[in-house]
Amino acid sequence: MKLIRNIFLAGLMFVFFTASSVAQGDIISAAEFMKLVKTNKELVIIDASKKESYTKTHVKNAINIPHADLYQETEIEGLIMKPADLAAFFGSKGVSNSSAIVVYDGGSQKYSSRVYWVLKYLGATDVKILHKDMDQWRKSRVPITKMPSKAKTATFTPSVNSAIIADLAYVKSGKATIVDARAADEFDGSAEKSDGHLPGSVNINYKDFLNDKEAFKSKEEIEALLKSKGITSITPMVGYCRTSVRAAVIYVAVANILGWDTFKVYDGAYLEWVAKGNNIETKPGVVVKKKSNTSSGGC
């Protein structure tokens, strides 16, 4: 009996550590998504792709909320609306703060991560991210349609999570390592829409957190990537890109793959920093010559 008990306990420990090693937080597989679809008739599915993509094809019952619909109309592109306005918008789309929500995009992780981050900032309690991998979707029989979905209005009561957002003053405070999520040519200022980077920032392209299928890399790979830049689990970080869409991808990786609560998104990003007259750096000793549009993704 003692031998059987020890084998049983060893099996439980193996299952526990195996499950822990592959934990993905709010990132779910297509198979897990289909379980939610079958067990929760109130599940809110958000397609965060651009409208033209949504009209071609989308997951059945998904509502379309492109990240660009969440922004203020100001001279600085990409600033999210005030919490009350965001809450009213989500409510008009049938999303409440207590809804079970799954967000996906066309596969890049950019738009789903941005909408996910905004929802978490507003205090949504149950938000998941589904990666668009058509092989996995077909295997799990994720239903696809061209028919647009309409949702009943809901009440979204915001409870702002200020721990995951950074403003200009915080970025300037020197309390955190600044992570530039853009491509190398944007960072050094040779890209057409960039003159350089925020002083003292570290360049880690958001794509470095993704594998060749644009799914998130493993915990071990992401930890190694950050460690190579001198970043550990106790390092406060603030991420940005041009409008902080790509920075949200790093937030998702840090918060979910690693389980760290050390990453804030600078919502104003490069565009606000420049608009407010702050200094920009390029690589020391490098004479910048404009040579290309970035291939990293613009926003």
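Please treat every number below as a calculation from the coordinates, not as lab data. Worth saying up front: this structure is predicted, and the values here are computed from it rather than measured. Please note: Cβ atoms are built from the backbone with ideal geometry, for glycine as well, and neighbour counts cover all protein chains shown.
Projecting the Cα atoms of Gly78, Ala181, Ala224 onto the charge dipole of the chain, computed from C-beta unit charges around the Cα centre, puts Ala224 farthest toward the positive end. When the Gaussian network model of the chain links Cα atoms closer than 10 Å, the mean-square fluctuations of Ile28, Ile164, Ile46 top out at Ile28.
Amide H contacts for Gly239 (H built 1.01 Å from N in the peptide plane; partners 5 or more residues away or on another chain; cut-off under 5 Å): Val179, Lys264, Val265, Tyr266.
Each residue of region 26-40 was assigned a 3J(HN,Hα) from its phi angle through the Karplus curve 6.51 cos²θ - 1.76 cosθ + 1.60 (θ = phi - 60°); the sequence is 8, 8, 10, 8, 4, 5, 5, 4, 5, 5, 5, 4, 6, 9, 10 Hz, with glycine and proline shown as x. Please identify the longest segment of the chain free of exposed GluC sites (Glu not before Pro), where exposed means a DSSP state other than H, G, I, E or B and no more than 10 other Cβ atoms within 10 Å. My reading of the result: 76-299 is the longest stretch. Each residue in Ile76, Ile231 was given a count of other beta-carbon atoms within 10 angstrom of its own, and listing them fewest first yields Ile76, Ile231.
Note on Ser218, Ser49: ascending count of other Cβ atoms within 10 Å places them as Ser218, Ser49, the fewest first. Here is how the number arises for the chain: DSSP H runs of 4 or more residues each give -39500 (n - 2.57), the sum is divided by the residue count, and the result at 222 nm is -9500 deg cm²/dmol. Considering only Tyr170, Gly268, Pro199, the residue lying farthest towards the positive end of the dipole of region 163-278 is Tyr170, judged by Cα position with unit charges set on Cβ.
Put in line by how crowded their Cβ is, counting other Cβ atoms within 10 Å and starting with the fewest, Phe263, Phe209 read Phe209, Phe263. Note that region 23-160 carries a Kirkwood radius of 15.1 Å, evaluated over its alpha carbons pair by pair.
Shape class for region 163-275, computed from the alpha carbon gyration tensor (a ≥ b ≥ c): oblate, with a/c not under 1.5 and a/b at or below b/c. In this structure, the amide hydrogen of Ile144, modeled 1.01 Å from its nitrogen in the peptide plane, lies closer than 5 angstrom to those of Lys60, counting only residues at least 5 positions away or on a different chain. The charge dipole of region 23-160, taken about the Cα centre with unit charges on the Cβ atoms of Lys, Arg (+1) and Asp, Glu (-1), comes to about 680 debye, rounded to the nearest 20.
When the Gaussian network model of the chain links Cα atoms closer than 10 Å, the mean-square fluctuations of Ala84, Ala169, Ala181 top out at Ala169. Given Lys35/Lys207; Lys82/Lys264; Lys128/Lys219; Lys38/Lys120; Lys60/Lys120, which pairs have Cα atoms separated by over 20 Å? In this structure, Lys35/Lys207; Lys38/Lys120; Lys60/Lys120 lie more than 20 Å apart at Cα. Taken about its Cα centre, the chain carries a charge dipole of about 940 debye when Lys and Arg each add +1 at the Cβ and Asp and Glu each add -1 at the Cβ. Within the listed set Pro83, Pro236, Pro143, the residue fluctuating most in the Gaussian network model of the chain (springs between alpha-carbon atoms under 10 angstrom) is Pro143. Other residues whose C-beta falls under 11 angstrom from the C-beta of Ala151 contribute a net charge of +2, scoring Lys and Arg +1 and Asp and Glu -1. Projecting the Cα atoms of Val254, His67, Val127 onto the charge dipole of the chain, computed from C-beta unit charges around the Cα centre, puts Val127 farthest toward the positive end.
In whole angstrom, how far apart do the alpha carbon centroids of region 198-248 and region 141-183 sit? Cα centroid to Cα centroid, the span is 17 Å.
How many percent of DSSP beta bridges within the chain run antiparallel, rounded to 5? The partial results should precede the final answer.
Numbers: 5 of 29 bridges.
Antiparallel: roughly 15 percent of the beta bridges in the chain.
Oblate is the label for the chain, because a/c, from the alpha-carbon gyration tensor with a ≥ b ≥ c as root eigenvalues, is 1.5 or above and a/b does not exceed b/c. The HN-Hα couplings worked out from phi for region 103-118 by the Karplus form 6.51 cos²θ - 1.76 cosθ + 1.60 (θ = phi - 60°) are 10, 9, 9, x, x, 7, 6, 5, 6, 5, 5, 5, 5, 4, 4, 4 Hz, whole numbers, x standing for Gly and Pro. Computed from phi, the 3J(HN,Hα) profile of region 246-251 under the Karplus parametrisation 6.51, -1.76, 1.60 (θ = phi - 60°) reads 5, 4, 5, 5, 5, 4 Hz, with x in place of Gly and Pro.
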